[in-house]
Every structure is written in C-alpha cells, then in structure tokens.
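Taken together, the values in this text are just the output of simple stated rules run on the coordinates, not laboratory data. Since the structure is predicted, the reported quantities are computational estimates derived from the model, not experimental observations. Using ideal geometry, Cβ is built from the backbone for each residue, glycine included, and neighbour counts are taken over all protein chains shown.
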Ligand code: AMP
C-alpha cells in the first residue's frame, strides 16, 4: 500500500492506472476509521482492480470550528487498517495541499436546488458546499470508476449524486448500508468522543427509530414525528436537532405515508456535546 501526500503524485499514480485500463474504486473518508468505513472499503476492493481511500478532515465542510478541532485523527492506525483490507493507495493530504488560501476563505457555491436547504444542510449552513468542493476535487484527481458512500449520511449521498450529474463526472456512486455497533448505535468517528455512559444511552436513537417503523402503519406522519421527539424528552443527555420524515429522493418532508414509496426518517440529535445522525427507511 502506498501513502500519497501530494495531489501531483496522486494524479500521476491514478493516470497510470487509467492508462492501464484498470477500474478504480474510491472511498473518501475523514479518517478515525471504524467498521462502517471498512465495509465501504471492502466493497470497493472487491468490485475494482485498484482501491483508493482518502483520509482528509476537510475544513471547508465544518461550519463549527470547535467540531473541526476536536475531530479525531489517527493516520497511523487508519493506515494499518487500510493495509489489512488490501487498499492500494491512501491519499492523506494537508489542507494547504488541497486548497489555495482563497479557496479556504471564499464561500463556495453549488446549487443543489433545495436538496441542501433541509436537515443537515439547514442546520449546518455551507456544509454540503464544502463536501461537494472536496469530493469534486478528489474525483477530478482520481477519476474513479466507482465511489462508495455510506447511507448513514443519507443526505450526503443525494448531494453527491446531484453533484456528479451537474458536473457530468463519469463515476458510479454506490450507496452502502449503515453499519452499527452491537447496541444498534450507528458507527461514527464521533462515537469515540462520547463518554462510556453517553455511548450506552445513545443506543436509544436506533431503538426509537426501529420502533417507529412499527407505528408507521397506525399513526400519521405527524404523530410518528411527535412520538420520536417525545422519546428523548425525559433525559437531559439528549437534545433533538431535528427529526424529519422525507421523500428519499427529493429530501422534502412528507405529510402522509402515501406521498411516496421511498420514505426515510432522518435524525440529528445531541448526546451530551456530541451530535449524532442516523436514519431509517419506512
Ligand atoms: P466520514 O469519515 O465520516 O466522512 O465517512 C466516510 C464515509 O463512510 C461516508 O460515506 C460515510 O457515510 C461512511 N460511513 C460512516 N459511518 C458509517 C456507517 N456506520 N455505516 C456505513 N457507512 C458509514
């Protein structure tokens, strides 16, 4: 496995693979890798001749400086895991390698026609512009055949699909299922920042979502939303950011179950100081 730190070297290595007609599977990550990332990487390795993983905590997608500073980083451990999984190239640049000083400062602007105005996009202004900015740069440098994204970041998958359509980038976007801890908690690099007590309590999030699917038949959308919200009210550890029930394609809220045959419930909730997200298909 080769660890690459510069864009120039990345472009050189990837162009060589493209010249040889090799298929390239690419998994973008921010590191602090866990079994969720590993599942994407395994699929990328299995379906392509060359597997590339980027490890880069992208500053332009953080609208909260403190979150950026405390984001867990451990490249040595990540590289060991990726080598074990059979990855060929790891791209781990510095922010300066990816962005000119202007790009770091300027408001970068994609038009996602409303996809970025709800849920994560609404709560974290500029977040998806930053995501699209870095992922498009990586796609141009790597020219992957396929790129793998986790459904845990449900809205992100929709944004990336829209971005490649807008920019006409010939890459297949593959959405992979959510990998969970034994308790049901969706795996996340941020779980490491929870105290032992909070991590135990955070299992409630997936439990509530799973249960809510059973109620969906008897309750209205509004009632299910209220029920989900109520389940977290008795414990001060939790602070709901949003729970929305949306059409899985447009990401717009639905008001009745027969509005779409692809309905997803998306949650963002603070557990202590840590903001966690999860989702469930109805
Ligand atoms: P991140 O490092 O958090 O930016 O995540 C990199 C990729 O891994 C994204 O496509 C995430 O959606 C995906 N991912 C993160 N956690 C999980 C999980 N628990 N299950 C599946 N995919 C995940």
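Miscellaneous remarks
- Region 51-92-region 163-189 distance, computed between alpha-carbon centres (Å): 15
- For the chain, a Gaussian network of Cα nodes joined below 10 Å ranks 85, 185, 115 by mean-square fluctuation, and the top entry is 85.
- The residue 253 and residue 180 beta-carbon pair, evaluated with R₀ = 30 Å, returns a calculated FRET efficiency of approximately 0.70.
- For the chain, DSSP calls about 50 percent of its internal beta bridges antiparallel.
- Our summary gives the chain a relative contact order of 18 percent, counting only alpha carbon pairs under 8 angstrom and 6 or more residues apart.
- If the segment from residue 47 to residue 217 were pulled out straight at 0.36 nm per residue, it would be longer than the present Cα-Cα gap by 57.4 nm.
- Cα gyration tensor shape for region 1-103, rounded if a/c is under 1.5, else prolate or oblate: oblate
- Ranked list, fewest to most other Cβ atoms within 10 Å of each Cβ, for 51, 17: 17, 51
- Exposure proxy for 148, 140, 242: other Cβ atoms within 10 Å of each Cβ, ordered fewest to most, give 140, 242, 148.
- If you wrap the tightest convex hull around every Cα atom of region 139-276 and split its volume per residue, you get 129 Å³.
- Distance between the pseudo-spin-label points of residue 122 and residue 80 (7 Å out from Cα toward the beta carbon): 4.3 nm.
- Direction-averaged projected area, Cα convex hull, the chain: 14.8 nm², rounded to one decimal.
- For the residues 86, 126, 21, a GNM of the chain with alpha-carbon springs under 10 Å puts the largest fluctuation on 21.
- With helices as the sole contributors, the chain gives -12000 deg cm²/dmol at 222 nm; each DSSP H run of n ≥ 4 counts as -39500 (n - 2.57), and the sum is divided by every residue.
- Among 187-194, 215-222, the peptide with the highest mean count of other Cβ atoms within 10 Å heads the list, and the full ranking is 187-194, 215-222.
- Comparing 16, 186, 203 in a Gaussian network model of the chain where C-alpha atoms under 10 Å apart are linked, the largest mean-square fluctuation is found at 16.
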